[in-house]
Amino acid sequence: MKICCIGAGYVGGPTMAMIAKQCPEIEVHVVDLNRERIAAWNSDSLPIYEPGLAQVVEEALGRNLKFTTDVDAAIMKADMIFIAVNTPTKTFGVGAGRAANLEFVEKCARRIAEVAQGHKIVVEKSTLPVRTAEAVKRILSAANVDNGATFDVLSNPEFLAEGTAIDDLLNPDRVLIGGESEAAIKALADVYAKWVPRKQILTTNLWSSELSKLTANAFLAQRVSSINAISALCEATEADVDEVARAIGMDSRIGPKFLNASVGFGGSCFQKDILNLVYLCEHFGLREVAAYWEQVVLMNDFQKRRFAERICRTMFSTVSDKKIGIWGFAFKKDTNDTRESAAIYVCRDLLRERARLSIYDPQVPEAKIRADLIASMGNLSGTVSDIDRKLVETNVTVVRDGYEAAKDAHAIAVLTEWDEFKEYDFKKIIGTMKAPAFLFDGRNVLDRTMLNKLGFETFGIGKS
Ligand code: NAD
Ligand code: UDX
């Protein structure tokens, strides 16, 4: 058996590395058009920071795992082809700001149709709107009259979360396979069965599988927005959101997971997939359903905005020319990914108030932070004014540790829950800050009782 995966990103890379590790008899080729990314996968410094990933890649690379830019050769050789390319929210034309941009998926299908020979199983690994497989099937069958290739299409959405990808891949709650051909479903199920118990390999029809992925992300994000909505009420009423979350989470029908109030959810999936769901509902004339799910995203926007406003209000209603140390820029801990990170929007709002930001993140490079902040200043068509560009240049410094970020600062804002922040020497830190030393914990990870004793003025999410 030979596998090809198109797309060597946060999903394609780790997922295929895990298949190659667990199935040494399967040859796995991961291909991408991005030469830099492929070169990084073949180097000592992987393009993705993910705990445990380097060891998994190291074990299989050169044995049965290969990263290459030779897309056609890998397609030709493979029995099974995964499509794991990006499906971002459209930024132009019909459905802009909501619908998924399926350009890259369609290009993959067309490339496969162009070069494939014999029988291939094509697996949708990307997150896609329900009924995309219909289009994929049509492209494959229409374009391939000449070379007589035949295809089965499966949907096999990925449920890994960044920061815990290796553990999620090793011990998935379930593997979902949607399809029409029993033989194709079995072939893919057999791959996962090398390490996933059969009872956790779920099979459905194509459309249920595609829709389950969007639904899972919508439900998860909805929990975060629900607890964040309650956090606002907690701040107004002296209830404590962590106590409320604990109290409701002990109800076995609700459960304790995904109830951490925060500065807002980020990541490349939640917002994109809900907006896609909203677009689909509108397309099918289900306006109330669309409005229901859209509220999850609107609540998240409110939460991010609210946090920046609280900082300004607390600091005597002006942060202009004040230094604020920003701890964490990634959308969650243990990843270098910043896509849709709440930090981007909080920093943008603070910059618009003319604050000076000193940003530290253990994994996100300076160039990425600057590029994200400049992009966040853009208008709907992405144009950034010279004034805004200048603002990022002059008012942002990116530093090498949290201590440097806090030095001479009026405030610290914790925007990612990196473990190292809990270990810092706060006595030393307050000694280097301006008084009063404000600390805004957007992740509720620091010990506020201890910090208050040291003299900090602290604020948490959903806490008075
Ligand atoms: P990504 O942007 O990290 O990687 C996608 C890769 O595909 C890029 O390297 C890009 O160069 C490559 N690519 C695009 N078009 C190509 C083409 N025609 N030929 C070859 N390569 C091409 O994206 P990702 O985060 O890995 O997400 C991929 C898909 O998986 C998305 O649909 C996403 O919604 C879904 N997903 C992501 C996560 C996650 O945690 N990131 C989790 C589950 C599902
Ligand atoms: C998510 C889904 O969890 C995963 O199944 C899917 O495959 C991809 O999308 P990911 O975005 O990588 O994974 O991370 P996740 O752990 O879900 O966190 C998403 C965002 O929600 C992060 O910004 C995180 O900080 C935030 N979050 C999560 C909270 O604010 N509170 C919580 O209780 C949980």
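We did not get these values from a lab; they are worked out from the coordinates using the rules stated. Every value quoted in this text rests on a predicted model; they were computed, and no experiment measured them. Because the Cβ atoms are built from the backbone with ideal geometry, glycine has one as well, and the counts that use them run over all protein chains shown.
Note on residue 302 and residue 25: their simple-model spin labels are 5.6 nm apart, each label 7 Å out from Cα toward Cβ. Counting only DSSP beta bridges whose two residues both lie in the chain, roughly 5 percent are antiparallel. In the chain, the DSSP-assigned H stretches of four residues or longer account for a calculated mean residue ellipticity at 222 nm of -14000 deg cm²/dmol, using -39500 (n - 2.57) per stretch and the full residue count as denominator.
Check the straight Cα-Cα distances from residue 422 and name the lysines below 23 Å, setting aside those fewer than 8 residues away within the same chain. Partners within reach: 257, 304, 323, 332, 333, 407, 434, 453, 463. Computed about its Cα centre, the charge dipole of the chain is approximately 580 debye, with only Lys, Arg, Asp and Glu carrying charge at their Cβ. The calculated FRET efficiency for the pair residue 119 and residue 72, based on their C-beta separation and a Förster distance of 25 Å, comes to about 0.90. A cut-off of 5 Å between modelled amide H atoms, ignoring neighbours fewer than 5 places along the same chain, links residue 398 with 359. Split the chain at each of the chymotrypsin sites (Phe, Trp or Tyr not before Pro) in a DSSP loop with at most 12 other beta carbon atoms within 10 Å, and the longest piece is 93-283.
Residues in the stretch 446-460 carry Karplus couplings, in order, of 9, 7, 5, 4, 4, 5, 5, 4, 6, x, 5, 9, 10, 9, x Hz; the curve used is 6.51 cos²θ - 1.76 cosθ + 1.60 with θ = phi - 60°, and Gly or Pro positions show x. Listed by chain and number, the aspartates and glutamates whose alpha-carbon sits under 19 Å from that of residue 390, ignoring those within fewer than 8 places in the same chain, are 321, 349, 353, 366, 372. Within the shell of other residues whose beta carbon sits under 10 angstrom from the beta carbon of residue 56, the net charge comes to -2, with Lys and Arg scored +1 and Asp and Glu -1. Diffusion of the chain by Stokes-Einstein, at 20 °C in a medium of 1.002 mPa s and with Rh set to the Kirkwood radius over alpha-carbon pairs, works out to 91 µm²/s. Between residue 355 and 321, the built amide H atoms are under 5 Å apart, and every one of these is 5 or more places off in sequence or on another chain.
Pairs of lysines in the stretch 2-204 whose Cα atoms sit within less than 18 Å of one another amount to 21, provided the residues are eight or more positions apart or on different chains. Cβ-to-Cβ counts within 10 Å put 388, 408 in ascending order as 408, 388, the fewest first. Residue 388 sits among other residues whose Cβ lies under 11 Å from its own Cβ, and their net charge, with Lys and Arg +1 and Asp and Glu -1, is +2. Using only the C-alpha atoms, the convex hull of the stretch 77-121 corresponds to 76 Å³ per residue. Working note: Karplus 6.51/-1.76/1.60 with θ = phi - 60° gives the stretch 60-75 the couplings 9, 4, x, 8, 10, 10, 9, 10, 8, 9, 7, 4, 4, 4, 5, 4 Hz, where Gly and Pro are set to x.
When the P(r) of the stretch 13-77 is calculated, the portion above 15 Å amounts to 46% of the C-alpha pairs.
Histogrammed with a bin width of 10 Å, the alpha carbon distances of the stretch 2-204 distribute as 9, 36, 38, 16, 1 percent, first bin at zero. In this structure, the amide hydrogen of residue 458, modeled 1.01 Å from its nitrogen in the peptide plane, lies closer than 5 angstrom to those of 439, counting only residues at least 5 positions away or on a different chain.
Residue-wise HN-Hα couplings along the stretch 332-342, as the Karplus relation 6.51 cos²θ - 1.76 cosθ + 1.60 with θ = phi - 60° gives them from phi, are 7, 6, 6, 9, 9, 7, 10, 4, 6, 4, 4 Hz; Gly and Pro carry x.
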